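Structure first, commentary second.
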Amino acid sequence: MHLIRILEKILVPINKVLQVGTIILFVGMTLCVLLQVLLRYVFALPMPWTEEASRFLFIWATFMGAAIAFHDGGHLNVKLFVSKLPKGRPQALFALMADICCFWFLGMYAVQGFTLASRLSMMGQTPPSMDFLLMGWVYLAIPLGSVFMIANILPGAISHLVQLISGTATEGDKS
């Protein structure tokens, strides 16, 4: 189907950027933890900002990595159950219902995450050891990650909808 191919062409470069960004976030987190251990136990000079920075980098890496996992089909899902259903429309219906549940949950997560990030930014809340960083920027990972996850579910959901309507599998079906 052309729409699925177009979506995939758009999502491939976005997911490449997410992959590189997630690697950078994990490297940054690892360096912060190593710096903290080195300074605390070798030089007896603990740096509290490294602990917070590694936590914030982990939050971002988790949400961006989850979006990549949705694209690659790496999340736990209901494939074991779906494979027991008769092929064709029953499998497509169940997979589409799972997609809709994911859309609903991630949509709520995106809206509420954006609300949280906005409120924290407006309040000017900062972490104790990093007063230059607004907590709203940290929690912006929630809505952004959710939007990327929704975008990565979309091609599969369209494929499941087409399969449900037509009764045949579409190319690129990840279910």
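The values are calculated or read from the model by the stated rules, or taken from the named source; none is laboratory data. A quick note: this is a predicted structure, and the numbers were derived from the prediction, not measured. Here the Cβ positions follow ideal geometry from the backbone for every residue, glycine too, while neighbour counts run over all protein chains shown.
Which condition breaks for residue 74 when tested against (1) within 20 Å of residue 164 (Cβ to Cβ); (2) of a type outside the set (S, T, N, Q); (3) free of Cβ contacts under 8 Å to residues at least 40 places away in the same chain?
With respect to (1) within 20 Å of residue 164 (Cβ to Cβ); (2) of a type outside the set (S, T, N, Q); (3) free of Cβ contacts under 8 Å to residues at least 40 places away in the same chain, residue 74 is out only on (1).
Report, by residue number, each residue of region 159-168 that is crowded, with 19+ Cβ neighbours inside 10 Å and touching a Leu at 6+ places or on another chain (Cβ under 7 Å).
160
Which members of region 126-150 meet the condition of being among the small types (Gly, Ala, Ser) and more than 16 Å from the chain's Cα centre (by Cα)?
Selection gives 129, 136.
Inspect all residues belonging to region 12-27 and state whether any of them is among the basic types (Lys, Arg) and surrounded by 14 or more Cβ atoms within 10 Å (Cβ to Cβ).
The answer is no; no qualifying residue exists.
Can you tell me which residue in region 1-46 is farthest from residue 157 (Cα to Cα), limited to those that are assigned to a loop (DSSP other than H, G, I, E, B) and touching a helix residue (DSSP H, G or I) at 6+ places or on another chain (Cβ under 8 Å)?
45
Just one of (1) of a type in the set (Val, Ile, Thr); (2) within 19 Å of the chain's Cα centre (by Cα); (3) closer than 27 Å to residue 13 by Cα trips up residue 158, so point out which.
(2)
Report yes if some residue within region 148-169 is modelled with pLDDT of 95 or more and of a type in the set (Phe, Trp, Tyr); otherwise report no.
yes
At least 3 residues that are buried (at least 18 other Cβ atoms within 10 Å of the Cβ) in each: list the helices (runs of 4 or more DSSP H) lying fully within region 47-158 that qualify.
48-72, 89-123, 135-139
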